[in-house]
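Contents: one structure, followed by commentary.
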Amino acid sequence: MCIISIKEVAGNALACFRQVNDSDVLILLELDDYEAITRQTIQKICTDFPRRSAVFSVNCLFRYKLFTDRGYMGKYLQEMTALGSHTGLIGYGEHYNNQFVNQSMTCVVFE
């Protein structure tokens with residue numbers, strides 16, 4: 001599953017922020033509990049990498065906008081400090097298996 005953001009709804013059509021191919025199957029998702037997902041992600045990183053020297057992350061612009069619009073960005077950054085030394089940036093989306101995805105966070109963990 002590769003998440004893409006909807007740009008606009010025009011009549012019966014959706015305009016997305018990336019090309020939708022004829023073979024793509026679109027499923028409309030509801031927003032999940034992103035605060036719980038953040039905690040689960042941090043816990044998973046801590047479990048998988050108990051001795052971290054640094055973490056580098058890239059958050060999608062649309063994720064940043066969601067967190068900012070909902071007043072969560074400051075709390076998110078504070079929660080990420082649990083990972084130790086951490087730096088990151090805001091990108092415009094990421095690629096996964098040759099697919100452009102939105103609303104994601106990609107990170108590299110250094111031991």
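The values are calculated or read from the model by the stated rules, or taken from the named source; none is laboratory data. As the structure is a computational prediction, the values presented were derived from the model and not from experiment. Please note that ligands, DNA and RNA were not included when accessible areas were found on the heavy atoms of the full protein model with its side chains. Shrake-Rupley method; radii C 1.70, N 1.55, O 1.52, S 1.80 Å.
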(request) Pick out which of 23, 85, 57 has the largest mean-square fluctuation in a Gaussian network model of the chain, springs linking Cα atoms closer than 10 Å. (result) 23
(message) Using amide H atoms built in the peptide plane, which far-off residues or other-chain residues are under 5 Å from residue 4 H to H?
(response) 102
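How would 45, 27, 6 rank on accessible area, largest to smallest, probe 1.4 Å?
27, 6, 45
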(request) Could you give log10 I(q)/I(0) at q = 0.20 Å⁻¹ for segment 14-75, computed by the Debye formula over C-alpha point scatterers of equal weight, without solvent? (result) -1.01
(request) Please state, rounded to one decimal and in Å, the Kirkwood hydrodynamic radius that the chain gives when every pair of distinct Cα atoms enters the mean of 1/r. (result) 15.5
(message) In whole Hz and in residue order, list the ³J(HN,Hα) couplings for segment 13-18 that follow from phi through the Karplus curve 6.51 cos²θ - 1.76 cosθ + 1.60, θ = phi - 60°; x for Gly and Pro.
(response) 10, 10, 9, 10, 7, 8
(request) Looking at the chain, send over the antiparallel percent of its DSSP beta bridges, to the nearest 5. (result) 70
(message) Compute the angle between helix 34-48 and the longest alpha-carbon principal axis of the chain, please, reported from 0 to 90 degrees and rounded to the nearest 10.
(response) 50
(request) Would you calculate a helix-derived [θ] at 222 nm for the chain, using -39,500 (n - 2.57) for each DSSP H run of n ≥ 4 and dividing by the full residue count, to the nearest 500? (result) -8500 deg cm²/dmol
